[in-house]
Structures are given as C-alpha cells and as structure tokens.
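None of the figures in this text is laboratory data; all of them are computed from the coordinates on show. Everything numeric in this text was worked out from a predicted model, so none of it was measured. So basically every Cβ, Gly included, is an ideal-geometry build from the backbone, and we count neighbours across all protein chains shown.
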Amino acid sequence: MKNSQDNNQEESLIPPIVPTYARMDAAFESGKGVRLYDDKGNEYLDFGSGIAVNCLGHCHPTLVKTITGQAQKLWHTSNIYTIPGQEKLANRLVNLTFADSMFFTNSGAEAVECAIKMARRYHHETGNPDRYRVITFEGSFHGRTLATIAAGGSEKLTKGFGPKVDGFDVLRFYRDMNKVEEAITSETAAIMIEPVQGEGGIRPVSAENLEILRNIAKKHGILLIYDEIQCGVGRSGKLFAHQISGVTPDIMPIAKGIGGGFPLGACLATEKVARHMTVGTHGSTYGGNPLAMAIGNAVLDVFAAEDILANVVKMSDKLKIELLKLRKKYPELIDMVRGIGLMMGIKLHIDPRDFVVQAFENKLLLVGAGENTVRILPPLNVTSEDIDDAMKLLDKTCQNLLKKI
Ligand SMILES: *Cc1c(COP(=O)(O)O)cnc(C)c1O
C-alpha cells in the first residue's frame, strides 16, 4: 500500500491517468441525439461525434434497446464457439460490399493490424514471401500500435518509441498517384490509403487516383488496402467512401461508426486474400463478442429503417453551402472548405486548436486535425435545424476569434 503522502495531489508529479490527451474541461453525464449534457447542466451541440464514432448520435433508442436487451441475454462467450451475431453481421457486410469474408476486432488499430497481416500472409502463401512491405502516405493515420504508427510514419506518432516496425514506405500524398509506381519494389506487398484522410485534415483521394492505385496494384500483383475506419459506415453518403468511385480494394479495415459508440471493428477482404487466414493464424479474445455483434447489426438496421445515407447526402449539401457562406464572410479566418458527406473540414489561417477551443466555449464540439483543419463530423442522422444551430455557433465563434487576431 502506498502511504497517504504518495496520494497527495500537491506532492504527486503524475495524475492517475497518463496525460496523453490535452482534454477539454467538460465532463459529460448524458447525451441525446446530437446533444451532450455536462455535470454542470450545460448543453453542448456535438458536431464531432466522438471523432466519427457516434454515427447515430447519443443513445439512439434502437441502440439503447439492443444493448440492454442483449446485456440481459449474453455478453461474451469466445471465438472458440459459434457466434450467430457474427455470421449475421458478416453476411450483411458481404452483401453490401466488395468483401467475401472478414475478421471482427474491437478497434480500428486492430483492424489495420489484421489488414497488414492478411497482406503479408497472402504473399507468403502464394509464393512471394519476400513481399512484406506496405506503401502508405504522409498525413495518414492508421492507429497507435507499433505497426500502425510506423504505417502513419510521422515523427509525432513514432518519436521515442524505439526502432520503427519495419515494412512501411511512407510516400508523399501525391496529387498524381502515378508517382507511387516508382516506389514499388520486389518486396512491396500492398498499398494502404484512407479514401478520405481524417486525422490528416479531411483530404479526399479522387476517384481518378483510386483508379490509378488500383491499376498499379493489379499490374504488380500487390494488394490495395483502404482504411475506411473514419470515412466508412455512411460518413461519405455511401456506406463506404470508395463506393462513390466504384474502385474496390482487396482489404478494408473498418471501425468507429460500425459500433455507433460501442468498441467494434472489422477487417474485410476478398476471398483471394481471406482464404489464407486459416485456423490458428489470427485471433482475438473479445473481437466479435455477442454484445458488440448485436449493436453492429442494430446500426445497420437503423441505417435501413431511417434511410441514413439519404439524410447524409441531403444534410451534406446544406452543410457545405452554409460553410462556404461562412468562408465568404470570414476570409481572414477560413481558407478553404473541403470534404464529402458529413466529413467536412475547414482549413484555417489560424491555429485550429484555437478554433476548437473557442467553439467549445460556445458549446459547440468540433475536432482538430492536421493541415490546419478543423473537422466537422455531426451524427449521420443530424437534422436541418441542428445544422442551423451549429452555424449560429460557428458564426459566433468566428466573431470571437476575429476580435483576437
Ligand atoms: C481512428 C482511426 C484509426 C484507429 O482506430 P482506433 O480505434 O483508435 O484504434 C485508424 N485509422 C483511421 C483512418 C482512423 O480514423
């Protein structure tokens, strides 16, 4: 037991939670739809959705009903038994995507790890064991495990964490992706890209560039991986962002939105790739547990029942028009508006952190990103009135900030 002095706030050099986050000063107690309530009774408009996670807002009635109902039945068994909810969710995702098969995880980084393992395993099993390297792009974010920080590659992610996991070649985020071909060697296994960079600052990859990457991959017998952890599950207006272009990958890690706030991810793949993930090659204690599966299935139920994708398209048009008006009104602050669906970014002339903090003071929750960008990621069932409310708060935020510059 520690003596009382060790627990004394003044003596302690470290809080009981490692200080890896610069947290905002609000503790939320409850949420309903697009609104959050803190322990002081303040109401906030949540246009960050827990970083693109709460795709149906907070405490959607169907999700609440599902989680409480399933909690009374069964939470966890193990992947050593059949889990019917997995088969149901997997079949649905197979029917809705390019994929033939998938592995369920608890998080995004685990889904990306699985994608990297699938790519390496595919080449190992098809006579090219030397092909293990993955081409990735500057500004990308693939998670915080040792392999996924190496995939992201930036110093911000990797500094101080020892020798980088080998096998990642981080290229510039080219305007013309034909340049990627020069970086392919006899050791290249795959190209991995976010169809819309999230953390990097809401940078969409054009349909043309996805096509170029697809063709390069085909020509060299390597695999194409789309990290749709942030841009997937309806955020783009299609169920998956790449479906706008119709250019499909071989492997696709997903997470965030698919759990609607419950930890859930998956790594989807074609038959050609997935068939090599045989008994014993991969595993997860919690991945695909009955509770998570019930919620994943319920998220897809709500998408169908409430025509969520149509709402994304409609609300995206409105949000974009309003943001462009805001840019016109505040050119000193806003450089550019970009993004697709309800994954919008405003590129600023000022530090995006200052913008996020000022919006927070005005009770509007947003998320910062790279490239001087602030992310606007409302729930996918956001209404026209919610957007009007957010625009008022954004206008107020711009006015506050103008006075400070
Ligand atoms: C959030 C994110 C991840 C990591 O997901 P975690 O659940 O935090 O591990 C990976 N890739 C992208 C594109 C993300 O946005």
Open item on the list: Looking only at Cβ-Cβ distances, which cysteines of the chain have no other cysteine closer than 4.7 Å?
Closed with: Cys55, Cys59, Cys231, Cys398
Task: ³J(HN,Hα) computed for each position of the stretch 299-306 - Karplus, 6.51 cos²θ - 1.76 cosθ + 1.60, integer Hz, glycine/proline x - done: 4, 5, 4, 5, 3, 6, 5, 9
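What does the charge add up to near Ser49, with Lys and Arg as +1, Asp and Glu as -1, over the other residues with Cβ less than 11 Å from its Cβ? Please list the in-between numbers first.
Details: positive: Arg235, Lys256, Arg375; negative: Asp46.
So the environment of Ser49 carries a net charge of +2.
If neighbour count is taken as other Cβ atoms inside 10 Å, put Leu380, Leu13, Leu56, Leu324 in order from fewest to most.
Leu13, Leu324, Leu56, Leu380
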- [ ] Would you pull out the residues with amide H under 5 Å of Thr105's amide H, same chain only if 5 or more places away, H placed 1.01 Å from N?
- [x] Gly265, Ala266, Cys267, Gly288
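Report for the stretch 74-305 the percent antiparallel among DSSP-assigned beta bridges with both residues inside it, nearest 5. Could you put the intermediate results ahead of the total?
Numbers: 11 of 24 bridges.
If we restrict to bridges inside the stretch 74-305, about 45 percent are antiparallel.
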Task: Tilt relative to the chain, helix 108-125 - C-alpha long axis, 0 to 90 degrees, to 10 - done: 20 degrees
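What does the charge count around Leu157 come to, taking other residues whose C-beta lies under 11 Å from its C-beta (Lys +1, Arg +1, Asp -1, Glu -1)?
Values: positive: Arg144, Lys156, Lys159, Lys164; negative: Glu155, Glu199.
Taking every Cβ under 11 Å from that of Leu157, the sum is +2.
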- [ ] Could you work out the local net charge near Lys219, counting Lys and Arg as +1, Asp and Glu as -1, over the other residues with Cβ closer than 15 Å to its Cβ?
- [x] 0
TODO: Return the long-range amide H neighbours of Gly261 (sequence gap of 5 or more, or a different chain), with a cut-off of under 5 Å between placed amide H atoms.
DONE: Cys55
Task: the chain pair-distance distribution - Cα-Cα, 10 Å bins, rounded % - done: 5, 22, 30, 26, 14, 4, 0
Task: On Cα atoms only, tilt of 308-329 relative to the major axis of the chain in degrees - done: 50 degrees
- [ ] Rounded to the nearest 0.05, what FRET efficiency do His124 and Gln399 give with R0 = 56 Å and r taken as the Cβ-Cβ distance? Could you check?
- [x] 0.45
TODO: Provide the descending list of Cα extents for the stretch 74-305 along its principal axes, expressed in whole angstroms.
DONE: 51, 37, 37
Open item on the list: How much of the DSSP bridge set in the chain is antiparallel, in percent, rounded to the nearest 5?
Closed with: 70 percent
Open item on the list: Suppose R0 equals 60 Å. What FRET efficiency, 1/(1 + (r/R0)^6) with r the Cβ-Cβ distance, do Thr20 and Glu87 give to the nearest 0.05?
Closed with: 0.95
Open item on the list: To the nearest 20 Debye, how big is the dipole of the chain about its Cα centre, given +1 on the beta carbon of each Lys and Arg and -1 on that of each Asp and Glu?
Closed with: 460 debye
TODO: Go through Lys117/Lys347; Lys117/Lys238; Lys256/Lys404 and tell me which ones have a Cα-Cα distance over 30 Å in this structure.
DONE: Lys117/Lys347; Lys256/Lys404
Task: ³J(HN,Hα) computed for each position of the stretch 339-354 - Karplus, 6.51 cos²θ - 1.76 cosθ + 1.60, integer Hz, glycine/proline x - done: x, 9, x, 9, 10, 10, x, 10, 7, 10, 8, 10, 5, x, 5, 4
- [ ] Determine ³J(HN,Hα), in whole Hz, for all residues of the stretch 50-56 in sequence, where each value follows from phi through the Karplus function 6.51 cos²θ - 1.76 cosθ + 1.60 and θ = phi - 60°; x replaces Gly and Pro.
- [x] x, 6, 6, 9, 6, 5, 10
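May I ask you to list the GluC sites (Glu not before Pro) in the stretch 260-334 that are in a DSSP loop and have at most 15 other Cβ atoms within 10 Å of their Cβ? Kindly include the intermediate steps, with their values, before the conclusion.
Working: sites: Glu271, Glu306, Glu322, Glu332; in loops: Glu306, Glu332.
Those satisfying the criteria are Glu306, Glu332.
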TODO: Set the Förster radius R0 to 30 Å, insert the Cβ-Cβ distance between Glu29 and Lys392 as r into 1/(1 + (r/R0)^6), and round the FRET efficiency to 0.05.
DONE: 0.75
TODO: Before rounding to the nearest 500, sum -39500 (n - 2.57) across all DSSP H runs of length at least 4 in the chain and divide by the residue total; then give [θ] at 222 nm in deg cm²/dmol.
DONE: -11000 deg cm²/dmol
Open item on the list: Check which residues have an amide H placed less than 5 Å from Ile135's amide H, if you skip close sequence neighbours.
Closed with: Asp169, Ala189, Ala190, Ile191, Met192
